[in-house]
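Novice: The structure that follows is given in the form of structure tokens.
The values are calculated or read from the model by the stated rules, or taken from the named source; none is laboratory data. Please read all numbers here as calculations on a predicted model, not as lab measurements. Don't worry about glycine lacking a Cβ; one is built from the backbone with ideal geometry, like all the others, and counts go over all protein chains shown.
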Amino acid sequence: MVFNSCTLLKLQKVITMPRGMFKSRTLRRVFRRLPSGKSELRYEQRNPSVAHCARCGSQLHGMPRIRASKLASVPKSQKRPERPYGGVLCSRCQRDMIKVEAREE
């Protein structure tokens, strides 16, 4: 079988170097399956870290780990707990703050 340059190009898998912005690990690498059956490498932004209490530093429950642009499509009731200091203080610190405010009155 005779190969000319055109058929060789079709047989070779073209491997290119990633652009400079894709070489760092700021963006995470995700393989997506295409309808043709091939896998494609895509770059996505990483999820933000877990929210922490402003007073004691413990992890806040009920706070989604998604970017602000995706948070716009989430219902309001799922964005943060619907209580005073929701999304800022944990439940234990929130109870203490309410007690302190009640004693000051």
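Novice: Tell me yes or no: at least one residue of segment 23-41 is in contact with a Pro (Cβ under 9 Å, 6 or more places away or on another chain) and closer than 27 Å to residue 79 by Cβ.
Specialist: no
Novice: Which one of 103, 29 is at pLDDT 90 or above and in contact with a Lys or Arg (Cβ under 8 Å, 6 or more places away or on another chain)?
Specialist: 29
Novice: Also, quick follow-up: Looking only at residues in segment 55-84 that are among the hydroxyl-bearing types (Ser, Thr, Tyr) and outside any loop (DSSP other than H, G, I, E, B), which one is nearest to residue 98 (Cα to Cα)?
Specialist: The residue in question is 77.
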